[in-house]
């Protein structure tokens, strides 16, 4: 204890001189801690925002959704007894400008007089909702549309548009709706009308794909979270007891936007892992900075030892210094990160889909502190232990060749324990521990690979025949001299660049799949809600085009999988990648014979004339994820009716074709009696694409026509903004890498200044000396970029091959970004750092030597 | 009338003032001096008298605050840093008390550097010859860190003399060496210099070493106080 107190006193005394030796160490830790604290704080702020505003975002305490049919009178009476109820009808439809020049697929929402129960929509110009959607005496009802619909239809406020058989007047631009976020992915602009105006359109038929959503403000919800949770649980229980076969999808305010919540959680995990990589990169630099620091403190250490200090005491003195700096850096980093939610709102304000909830979130702060301090211990202890192990005499002599050290195992164990602590903490807080473990394993493997390649590079340069040019010789020997920072820079900056290369290559791969491979096989159009009485004429219009091919019209009805072999879906054990099939409604079709292209992997297709109890052909991956086998039963709910079917066969469904893919194909006999519409797809030559669009939308205004190109564009836009965000996040690791480079340059400044001085004395001009640095940093940067590209390509290939199951697309952008970007940055910072050596007057340096 | 060769070194009213935290410090004060070609001159004086600074200024490693300096007849006073570096190539050799070898280069490479900078095609062969001349042929592939102080200074001497300079500046060349080693280095400097007929400008505070030169100058407070 007395030794600790003494060591603390020594450490404080040493730090009185300032942080000069710890600047890079401090900055690396600050950056990593700030990144983790920032990401986690922002995530908590968003998730708390989602929680706090759940009622508004969902539009009620609970939301009850039915497909194809409205609630029956009994169901409605039940809902009305629970509290205030608002009904909204949502569907996709084609909107036409009255002059018929513009047409556009829209997300149509018809609302009753009670909508919205919470919050309010915003219009331009500001108006009352009732005035906007009111119906006039002549039967024309008002509508509010997103600005993008007005632009695409070339209409203005006050103009008339057509939806099916009815006419609506655009009264306002719809800027926002309180419950928009709970809607999910959309294919067109939003159009808001009164539900009263919908019947006149002729679009509301039992066959049409329509969502009926009932939002309920529960009577007994109260304001306390516990009370509202109890009310919600009570509602769910009563609804299940009263209408076990309703087939409705009930959501509540605690999970108003599950998609957004999942997205925020997943993104947070990824960005936290990126923050950890930044800490790792910084850690490499921190290790180097500490070595350089010890190099400068060589005399102090030797004197301490000469005066009788033990190796352990010397270690303690310097370890305490490092940890004092680490605590300061992580606390400051955590505080900076905690300010990120405020900065985000200040920067993006109203553009945010969910307003973050301000506050000080202790968990992110503690997490970033823990990660920061653990990584400080991981990376600082091994170099610090050298000071303990080296005898005083060798400290004085150890200028060129690092001394050999012994008795390091204890310190290596401390470092390893801290590293394991980081891994355990990561897995504990990650929503997907498997992904986190894979990412960490990948990062550690990349780190090891980079270390290996850096060592390979060092040896390769050392093995090169000595150049006859003194400048080239000096540049190359600078890279391999004992104590050179080559390994650290290649590893640290290389890790950041590897991440960037991986993200860039994966983005290119996914883009190729979406924009290249997919359209090559995908249909040109999807036609939804083809009514049975217009099917024949629709067929003839579409197939009348000479450029049409692969035309396919299939009956489609939506239904829910409510039980798996007798076990309710909610209680069934299902693999994460198969859960989507049980969440909400799925498209179901029926067929007497296997649809063209069907690949049966197990079991038999039913006879063409089979009319017995329902048999099911199931997607094999869903069967795998749910554990269902041939002969097992599945309970389905269609239009509020539950029925059971047996699995007759499993099919291989390739969802990457972009065409019609059904998880469930049923045998005819029962399902074909339910009212249903048809889904059709067709490929058409580019030359005839527009003509077909006009022909179908002219003749069949009730059919929703989805142009696949537009949908792909929308997906691409979404993907590219996501990729941009992730690339921007990986810049944090590159910034950490550049800090390491700056540290290496600073550490080598003394030797560089010395070399430059001698060369000047011997007659070298500044241009020739600058050339030495240009060669040195050019080689270092290009090699780091090339090595990172290699590691990034390998990582991207593994992910593409084993997770995405697609071939890797290698694009030039990744090469340019990684190799040229990395090389240029290294060269730039290297030359910037060498300016001091170029400027220095020889006499000044020689005077102090 | 035959043309007299220009002096190897000529200083006229050279002053040097350096800035310090305590204010400007006068290092050299109106120093004038001429050294004839082939002459050996020793500059002595107490520590802080300005000996090394005078050498730096004369070798073009430091720019004077005022005055005029000519080396082998060329006025270097107004030359920029790069012009001075080019001027030193092949004309001026410098040996330091702290040797100042490039640590990442072998002994042979260190000696070859000025020759290579001059573009000499057989730089390594000549460097090898120079190392043989200082008795270090068996140490060509050794790095400075692997050589003793005396060996390092011999490499430094070989490097300074390799391009055949007209004038050799030596700043306390034996100052960091023990007596016997220092004496050996001194012998080498005088022998090699005599062999090549170069001018020698030697800064030292060792009286015995200074006496081996043809002329002795003494400095005090930035001025030459004794000449002869």
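The values are calculated or read from the model by the stated rules, or taken from the named source; none is laboratory data. This is a predicted model, so every value here is computed, not measured. Heads up, the Cβs are rebuilt from the backbone with ideal geometry, glycines too, and the neighbour counts pull from every protein chain shown.
General remarks:
One line per residue, one yes/no per condition, for (1) under 12 Å from the mean Cα position of the chain (by Cα); (2) surrounded by 22 or more Cβ atoms within 10 Å (Cβ to Cβ); (3) touching a residue at least 40 places away in the same chain (Cβ under 8 Å); (4) under 17 Å from residue B:220 (Cα atoms):
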| site | (1), (2), (3), (4) |
| --- | --- |
| B:48 | no, no, no, yes |
| B:62 | no, yes, yes, no |
| B:66 | no, no, yes, no |
| B:77 | no, no, no, no |
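For (1) within 14 Å of another protein chain (Cβ to nearest Cβ); (2) crowded, with 19+ Cβ neighbours inside 10 Å; (3) closer than 30 Å to residue B:156 by Cβ; (4) out of contact with any strand residue (DSSP E or B) (no Cβ under 7 Å at 6 or more places or on another chain), each residue gets a yes or a no:
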position	(1), (2), (3), (4)
A:774	no, no, yes, yes
A:792	no, yes, no, yes
A:797	no, no, no, yes
A:806	no, no, no, yes
A:823	no, yes, no, yes
A:831	no, no, yes, yes
A:839	yes, no, yes, yes
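- Residues satisfying the criterion are absent from the range A:274-290 (criterion: crowded, with 23+ Cβ neighbours inside 10 Å and within 30 Å of residue A:83 (Cα to Cα)).
- The condition of being over 25 Å from residue A:528 (Cα atoms), under 36 Å from the mean Cα position of the chain (by Cα) and free of Cβ contacts under 8 Å to residues at least 60 places away in the same chain holds for only one of A:175, A:151, A:80, that being A:175.
- Residue A:728 vs. criteria free of Cβ contacts under 8 Å to residues at least 40 places away in the same chain, out of contact with any strand residue (DSSP E or B) (no Cβ under 8 Å at 6 or more places or on another chain), surrounded by fewer than 21 Cβ atoms within 10 Å (Cβ to Cβ) and farther than 20 Å from residue A:558 by Cβ: yes
- The residues in the range A:612-660 that are surrounded by fewer than 16 Cβ atoms within 10 Å (Cβ to Cβ) and closer than 21 Å to residue A:676 by Cα can be counted, and the count is 4.
- Sole exception among (1) crowded, with 24+ Cβ neighbours inside 10 Å; (2) free of Cβ contacts under 8 Å to residues at least 12 places away in the same chain for residue A:785, by number: (2)
- Exactly one residue among A:350, A:309, A:370, A:302 is within 28 Å of residue A:47 (Cβ to Cβ), at pLDDT below 85 and surrounded by fewer than 23 Cβ atoms within 10 Å (Cβ to Cβ), and that residue is A:350.
- Only one entry of B:55, B:33, B:43 meets the criterion of being within 12 Å of chain A (Cβ to nearest Cβ), in contact (Cβ under 8 Å) with a residue 24 or more places away in the chain and touching a strand residue (DSSP E or B) at 6+ places or on another chain (Cβ under 9 Å), and that entry is B:55.
- Hey, residue B:125 over 15 Å from the mean Cα position of the chain (by Cα), away from chain A (no Cβ under 11 Å), within 16 Å of residue B:164 (Cβ to Cβ) and not in a loop (DSSP other than H, G, I, E, B) or not: yes
- In the condition set (1) in a helix (DSSP H, G or I); (2) surrounded by fewer than 21 Cβ atoms within 10 Å (Cβ to Cβ); (3) modelled with pLDDT of 90 or more, residue A:217 is compliant with all but (1).
- For the residues B:191, B:210, the requirement of being within 17 Å of the chain's Cα centre (by Cα) and surrounded by fewer than 16 Cβ atoms within 10 Å (Cβ to Cβ) singles out B:191.
- Some residue of the range A:83-99 being more than 29 Å from residue A:531 (Cβ to Cβ) and either in contact with a helix residue (DSSP H, G or I) (Cβ under 9 Å, 6 or more places away or on another chain) or assigned to a helix (DSSP H, G or I) (or both): yes
- The residue pairs whose first member lies in the range A:647-661 and is under 24 Å from residue A:633 (Cα atoms), whose second member is modelled with pLDDT under 75 and in a loop (DSSP other than H, G, I, E, B), and whose beta carbons are closer than 9 Å, counting only pairs six or more residues apart or on different chains, are A:661/A:654.
- Taken together, A:476, A:499, A:457 contain a single residue that is assigned to a helix (DSSP H, G or I), modelled with pLDDT of 85 or more and away from chain B (no Cβ under 14 Å), which is A:457.
- Against the criterion of being over 15 Å from the mean Cα position of the chain (by Cα), surrounded by 22 or more Cβ atoms within 10 Å (Cβ to Cβ) and assigned to a helix (DSSP H, G or I), residue B:131 qualifies.
- Residue A:738 vs. criteria assigned to a helix (DSSP H, G or I), surrounded by 18 or more Cβ atoms within 10 Å (Cβ to Cβ) and either in contact with a strand residue (DSSP E or B) (Cβ under 6 Å, 6 or more places away or on another chain) or within 10 Å of chain B (Cβ to nearest Cβ) (or both): no
- Within the range B:58-75, restricting attention to residues that are over 24 Å from residue A:839 (Cα atoms) and not in a strand (DSSP E or B), the residue that is farthest from the other protein chains (Cβ to nearest Cβ) is B:73.
- The range A:399-426 residues that are within 14 Å of chain B (Cβ to nearest Cβ) and part of a helix (DSSP H, G or I), paired with ones that are surrounded by fewer than 17 Cβ atoms within 10 Å (Cβ to Cβ) and at pLDDT 85 or above (beta carbon under 9 Å, 6 or more apart): none
- Residues that are buried (at least 22 other Cβ atoms within 10 Å of the Cβ), part of a helix (DSSP H, G or I) and within 8 Å of another protein chain (Cβ to nearest Cβ), drawn from the range B:83-115: B:85, B:88, B:109, B:112, B:113, B:114
Results for (1) surrounded by fewer than 18 Cβ atoms within 10 Å (Cβ to Cβ); (2) within 14 Å of chain B (Cβ to nearest Cβ); (3) touching a residue at least 24 places away in the same chain (Cβ under 8 Å), shown as yes or no for each residue.
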site	(1), (2), (3)
A:697	no, no, yes
A:742	no, no, yes
A:752	no, yes, yes
A:758	no, yes, no
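- Taken as a whole, the condition of being out of contact with any strand residue (DSSP E or B) (no Cβ under 7 Å at 6 or more places or on another chain) and either more than 29 Å from residue A:295 (Cβ to Cβ) or away from chain B (no Cβ under 14 Å) (or both) does not apply to residue A:470.
- Subset tally (residues that are in a helix (DSSP H, G or I) and touching a strand residue (DSSP E or B) at 6+ places or on another chain (Cβ under 9 Å)) for the range B:187-202: 6
- Residue list for the range B:18-33, filter: under 28 Å from residue B:208 (Cβ atoms) and loosely packed, with under 15 Cβ neighbours inside 10 Å: B:32
- Odd one out for residue A:545, checked against (1) farther than 30 Å from residue A:670 by Cβ; (2) surrounded by 15 or more Cβ atoms within 10 Å (Cβ to Cβ); (3) modelled with pLDDT under 90: (3)
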